[in-house]
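Colleague: Handing you a structure now.
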Amino acid sequence: MKRRDFLIRATAVAGAGVAVVGGISGLVYAGRAKPDPLFNQSFPDLSGKSVAMRQWLGKPVVVNFWATWCPPCVREMPDLEALHQQYKSVQFVGLGVDMASNVHEFVQKVHVSYPLLLVGNGGVALMRPLGNSAGGLPFTVVFDAQGHIVHRVLGQVKPPVLAQTLGKLSS
């Protein structure tokens, strides 16, 4: 292919706003597509105050669906907290697929410094469009600063793998 033809095609693709993001099959439309619909939602925090997910657009976001009754969820919490401390430019959010009373009791024993919001049984319906058709826990989704999915983990996270993804987003 001639250089001129290559440049014309490359400009057309760039002008369309198409970018392929590692870790996800398919295309993510960077810059022009709307953020994932999850960012249109608001959920109560542990004090009952409604928290809008859209407030975290503009920086990468790690959303972890978890429950107090889920042993792998509980085991991964210290790993997620450590990654949260390491990657200060990335926002971590825990979405509790649980009752508020259980989460209140849990945080007395296991401290996390990132926000924990409550989605209750509605969390299963929230996970499906994010790529978790089985509704299993834990489920972690990493979004870029524009609110597009760049990485998903069904099951307990592997800190080195998640760290690699976060390193690419925070650099």
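Colleague: Take the Cβ-Cβ distance between LYS168 and GLN108 as r, set R0 to 30 Å, and report the resulting FRET efficiency rounded to the nearest 0.05.
Modeller: Working: r = 35 Å, r/R0 = 1.18.
About 0.25, to the nearest 0.05.
Colleague: How many times 2.2 N^0.38 Å is the alpha carbon radius of gyration of the range 111-162? Write out the running numbers ahead of the final one.
Modeller: On the way: Rg = 11.8 Å, N = 52, 2.2 N^0.38 = 9.9 Å.
Normalised Cα radius of gyration, the range 111-162: 1.20.
Colleague: So if R0 is 22 Å, what FRET efficiency would LEU46 and TRP69 give, r being the distance between their Cβ atoms, rounded to the nearest 0.05? Walk me through the numbers on the way to the answer.
Modeller: Details: r = 17 Å, r/R0 = 0.78.
According to the calculation, E is roughly 0.80.
Colleague: Any of LYS34/LYS88; LYS34/LYS168; LYS109/LYS168 with alpha carbons more than 30 Å apart? Name them for me.
Modeller: Beyond 30 Å between Cα atoms: LYS109/LYS168.
Colleague: With θ set to phi - 60°, apply the Karplus curve 6.51 cos²θ - 1.76 cosθ + 1.60 along the range 103-116 and write out the HN-Hα couplings as whole Hz, x wherever there is a Gly or Pro.
Modeller: After applying 6.51 cos²θ - 1.76 cosθ + 1.60, I find 5, 4, 5, 4, 5, 6, 9, 10, 8, 10, 9, 8, x, 10 Hz.
Colleague: Once the piece of chain linking MET99 and LYS158 is laid out straight, how much longer is it, given 0.36 nm per residue of separation minus the C-alpha distance between them?
Modeller: On the way: separation 59, 0.36 × 59 = 21.24 nm, distance 2.65 nm.
Net length gain for the segment: 18.6 nm.
Colleague: Here's another thing I want to ask about it. Does the range 35-170 classify as rounded, prolate or oblate by the C-alpha gyration tensor (a ≥ b ≥ c root eigenvalues; a/c under 1.5 gives rounded; else a/b over b/c gives prolate, otherwise oblate)? Walk me through the numbers on the way to the answer.
Modeller: Working: a/c = 1.31, a/b = 1.17, b/c = 1.12.
Rounded is the answer for the range 35-170, as its axis ratio a/c remains below 1.5.
Rule-based calculations on the coordinates, nothing more; no lab input. Keep in mind the model is a prediction, meaning the values are calculated, not measured. Don't worry about glycine lacking a Cβ; one is built from the backbone with ideal geometry, like all the others, and counts go over all protein chains shown.
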